[in-house]
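The values are calculated or read from the model by the stated rules, or taken from the named source; none is laboratory data. Since we're looking at a predicted model, the values are computed, not measured. Please note: Cβ atoms are built from the backbone with ideal geometry, for glycine as well, and neighbour counts cover all protein chains shown.
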Amino acid sequence: MDEFRYDNKLVRNFAIASLVFGVVGMLVGVLIAFQLAFPALNFDIPYTTFSRLRPLHTNAVIFAFVGNAFFMGLYYSAPRVLKTPMWSPLLGQINFWGWQIIIAAAAITLPLGITTGKEYAELEWPIDIAIALVWVAATVNLVMTMVKRRTEHIYAAVWFYLASFVTVAMLHVVNSMELPISAFKSYSLYAGVQDALVQWWYGHNAVAFFLTTPFLGLMYYFLPKAANRPIYSYRLSIVHFWSLIFLYIWAGPHHLLYTALPDWAQSLGTVFSIMLIAPSWGGMINGLFTLRGAWDKVREDVVLKFMVVAVTAYGMATFEGPMLSLKNVNAIAHYTDWIVAHVHVGALGWNGFLTFAIMYWLFPKIYNRPLYSMKLANFHFWIGTLGIIFYAVPMYWAGWTQSSMWKEFTQEGFLKYPNFLETVTQLKPLYALRGFGGTIYLIGFLVGAYNLAMTALKGKFSPYETATAPALKAIWNPPANEYWHSRIFERKPVFFTAVSLVAVIIGGVIEMIPTFMVESNIPTIASVKPYTPLELQGRDIYVREGCYTCHSQMVRPFRSEIERYGEYSKAGEFVYDHPFQWGSKRTGPDLHRLGAKYPDSWHYNHMEDPTSMSPGSIMPKYPWLLEDDLDLSTTPTKISAMRTLGVPYDEGYEKVATDDAKKQADQIVANLKKDGIKTKPEKEIVALIAYMQRLGTDIKAETGVALK
């Protein structure tokens, strides 16, 4: 028998990081929730606007809170089921400190407006490289630990960890292909429709393989441990694993239904999304059925209470997701707060509750004492559950309200609510109620963190745990009745890794290659021209300010949207957009046909104080755009970068691009002066106006009402 030690210090460190960043991320989430009800909470400064803080919130909760929680569970469970310490303590430390440095970099850069403008992938290229390096280090550590294991087979939890690592690495690298133009700025290698496909292939599967499969692995380990019962079905776990990782990767296009994405890709995404119900619910059933005959224990054990709600929330979210991919349902829900509710049922219920269930089980183990207070844990459970309800229900209501009002016509055939702002004002009470739900969930989080901290302070930490297992040479005697999955995959971890990677590559390849290689998927439009230098600078300001978080640039082929905004969007209109800006939520109106609808002075006044042009608006003020100077020295570099990416600027145009930008700026300043507004051509607001006046004007918009 070999004697060895498990390292609990790394587990503890990841747990502490998860709690700290969880508080920060959710505190920011509560703030931005209330900003939609009370716009004064934007504080009229660049770093605290909703549009800059929203990416900070999503990154903090997804990658900092959930990411650290995953690593906590991984570094505790993987060595124990593989009967060996993690292969490299050094790689473990690189994983921990590298991840915290990345999170700190995100917390600094995102409020500063340093962003790629791609949802859930906003971090700029140096941080992207760091993420890839740290992630690969953790992947190598896990695979080598599997190679050095002292068990005959590899338990199901590790399968899900492994698939998460290889898939997220692939997703991150492909989606983060960008051309750097400075230390803090890059342009996506992809444009328009292709960029949208890659982004939501990444975005959907970041949810799948960062928020779902890692936590399924944690469920497979910690739920049976907490219940003191074996997992319900080993065979069901096999079906669950392989069908889930194969099907999930195809479903990304369901985020782009009724957009300019080719119809065949949309339909393919829908089909595979519906198929996902089976493996997803297979996993939920495997978890809940593990508790058969133990429901009396569930009523008494707070850890199991959290786990039951978590697994149930997973089941609800993974049923709702495929339903939302049906085109008739998507036509109602997309771009509305319904999607916000759907996402948070998964994030707060599945990820949040399972994280605390694991911590409530884990801390007494590593600190050698019972949980500090069961009363506080039960209080956390109930107030957290109420928080989810008070968050989700108003958002479902808001989503239905938005869609109904956007689509309603009078008997005479006109839009009943032509002014978009009429929808917004109806939602303010629901936004406030959502903020209340987030607040009480945060209170529960703080109570839980306090309970765990007191458990640690009053206990005695065990930095290492001694264990024994047979020597490696003693395990390679397969039994005659060994199951095929164990024989083919679990005895060959490197082969298992390779096959898992192939399983997740197939769907992406089949969806992307035709979209990139077949020209008929993105018909060109002769009238679509590259952005002028000033428009390009203005677009970068638009991206920096995070306008995509509240506005879409995609008019769908619905009668209501064509009447409201103008001609529906065509694939060929976006061929020079690096990155695309279709958005995923309409807190404000769609902007794709905004150009030439208003005079320059309207945009100037609207950015200075949105309520001056749209009384009752909840949009933040952007007064710094009127004061800050535009750095035109970057223009030649940006033009050259765009040419490298295939935008047809003439060779050598970068030498005169700055002069062209100044000429266009002078014209906008002259237009503003006619309306009594005095400004200078070098101000950022001038470039932003140039961009906004260009939107959607490359083809003639036949109709559309005012976008107030």
The condition of being among the hydrophobic types (A, V, I, L, M, F, W, C) and farther than 26 Å from Phe14 by Cβ holds, among Leu162, Leu112, only for Leu112
Counting only residues in segment 189-204 that are part of a helix (DSSP H, G or I) and among the small types (Gly, Ala, Ser), the one surrounded by the fewest Cβ atoms within 10 Å (Cβ to Cβ) is identified as Gly203
Checked pairs for segment 320-334, first closer than 19 Å to Ala265 by Cβ and in the same structural domain as Thr270 (by TED's automatic domain parsing), second part of a helix (DSSP H, G or I) and at pLDDT below 95, C-beta under 7 Å and 6 or more apart or across chains, list as none
Residues of segment 585-603 being crowded, with 20+ Cβ neighbours inside 10 Å, in a loop (DSSP other than H, G, I, E, B) and either over 26 Å from the mean Cα position of the chain (by Cα) or of a type in the set (Ser, Thr, Tyr) (or both), in sequence order, are Thr587, Arg593, Leu594, Lys597
Among residues of segment 245-297 being aromatic (Phe, Trp, Tyr) and not in a loop (DSSP other than H, G, I, E, B), the residue farthest from Gly572 (Cα to Cα) is Trp295
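Just to be sure I understand, how many residues within segment 665-691 are β-branched (Val, Ile, Thr) and closer than 11 Å to Gly538 by Cβ?
Of the residues in segment 665-691, the ones β-branched (Val, Ile, Thr) are 668-669, 677, 679, 685-686, 689.
If we keep only those that are closer than 11 Å to Gly538 by Cβ too, we end up with 668, 685-686, 689.
Residues meeting the conditions: 4.
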> Could you say whether any residue in segment 164-175 is closer than 28 Å to Pro46 by Cα, in the same structural domain as Gly283 (by TED's automatic domain parsing) and under 14 Å from the mean Cα position of the chain (by Cα)?
Replying inline: yes
Going through segment 101-122 in order, the residues found to be in a loop (DSSP other than H, G, I, E, B), of a type in the set (A, V, I, L, M, F, W, C) and either out of contact with any helix residue (DSSP H, G or I) (no Cβ under 8 Å at 6 or more places or on another chain) or within 19 Å of Phe50 (Cβ to Cβ) (or both) are Leu110, Leu112, Ile114
For Phe381, are the conditions met, namely being among the aromatic types (Phe, Trp, Tyr) and either within 19 Å of the chain's Cα centre (by Cα) or crowded, with 23+ Cβ neighbours inside 10 Å (or both)? no
| said: Quick check on segment 64-78. Is at least one of its residues surrounded by fewer than 21 Cβ atoms within 10 Å (Cβ to Cβ) and not hydrophobic (A, V, I, L, M, F, W, C)? | reply: no
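Residues checked against (1) in a helix (DSSP H, G or I); (2) over 29 Å from Val271 (Cα atoms):
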residue	(1), (2)
Lys305	yes, yes
Ala310	yes, no
Tyr314	yes, no
Ile358	yes, yes
Phe363	yes, yes
Phe381	yes, yes
Ile388	yes, yes
Glu412	no, yes
The residue that is farthest from Ala17 (Cα to Cα), considering only those in segment 49-64 that are among the polar types (S, T, N, Q) and part of a helix (DSSP H, G or I), is Ser51
By residue number, the members of segment 156-188 that are touching a Ser or Thr at 6+ places or on another chain (Cβ under 9 Å), part of a loop (DSSP other than H, G, I, E, B) and surrounded by fewer than 23 Cβ atoms within 10 Å (Cβ to Cβ) are Met177, Phe184
Output for Cβ contacts, cut-off 7 Å, separation at least six or different chains, first residue without any contact (Cβ under 8 Å) to a residue 12 or more places away in the chain in segment 621-646, second part of a loop (DSSP other than H, G, I, E, B), reads Arg643/Tyr649
Tyr548 vs (1) buried (at least 22 other Cβ atoms within 10 Å of the Cβ); (2) aromatic (Phe, Trp, Tyr); (3) farther than 16 Å from Asp195 by Cβ: all pass except (3)
Checked pairs for segment 86-98, first closer than 11 Å to Val140 by Cβ, second charged (D, E, K, R), C-beta under 6 Å and 6 or more apart or across chains, list as Trp87/Lys148
Checked segment 213-243 for anything of a type in the set (Ser, Thr, Tyr), surrounded by fewer than 24 Cβ atoms within 10 Å (Cβ to Cβ) and either farther than 20 Å from Pro322 by Cα or touching a residue at least 40 places away in the same chain (Cβ under 8 Å) (or both); matches are Tyr232, Ser233, Tyr234, Ser237
Of the residues in segment 559-577 that are part of a loop (DSSP other than H, G, I, E, B) and out of contact with any helix residue (DSSP H, G or I) (no Cβ under 7 Å at 6 or more places or on another chain), the one that is nearest to Asn175 (Cα to Cα) is Tyr576
Notebook entry, point to check: Right, Thr658: within 21 Å of Ser182 (Cβ to Cβ), assigned to a helix (DSSP H, G or I) and either hydroxyl-bearing (Ser, Thr, Tyr) or modelled with pLDDT under 95 (or both) or not?
Noted result: yes
All-but-one check, Thr515 against (1) modelled with pLDDT of 95 or more; (2) not in a loop (DSSP other than H, G, I, E, B); (3) not aliphatic (A, V, I, L, M), failing number (1)
Among residues of segment 364-378 being touching a helix residue (DSSP H, G or I) at 6+ places or on another chain (Cβ under 9 Å) and polar (S, T, N, Q), the residue surrounded by the most Cβ atoms within 10 Å (Cβ to Cβ) is Ser373
Does segment 13-32 contain at least one residue that is in a helix (DSSP H, G or I), out of contact with any helix residue (DSSP H, G or I) (no Cβ under 7 Å at 6 or more places or on another chain) and under 27 Å from Phe461 (Cα atoms)? yes
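Scan segment 136-158 for residues that are without any contact (Cβ under 8 Å) to a residue 60 or more places away in the chain, of a type in the set (Val, Ile, Thr) and over 30 Å from His578 (Cα atoms) and jot them down.
Within segment 136-158, Thr139, Val140 qualify.
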**Prompt:** Does Leu446 meet the test of being part of a helix (DSSP H, G or I), surrounded by 14 or more Cβ atoms within 10 Å (Cβ to Cβ) and hydrophobic (A, V, I, L, M, F, W, C)?
**Reply:** yes
Looking across segment 653-692 at residues that are within 15 Å of Pro530 (Cα to Cα) and either among the aliphatic types (A, V, I, L, M) or surrounded by fewer than 16 Cβ atoms within 10 Å (Cβ to Cβ) (or both), the single one that is nearest to the chain's Cα centre (by Cα) is Met692
Exactly one of Leu133, Leu123 is surrounded by fewer than 20 Cβ atoms within 10 Å (Cβ to Cβ) and in contact (Cβ under 8 Å) with a residue 24 or more places away in the chain, and that residue is Leu133
Within segment 622-636, the count of residues that are assigned to a helix (DSSP H, G or I) and surrounded by 14 or more Cβ atoms within 10 Å (Cβ to Cβ) comes to 7
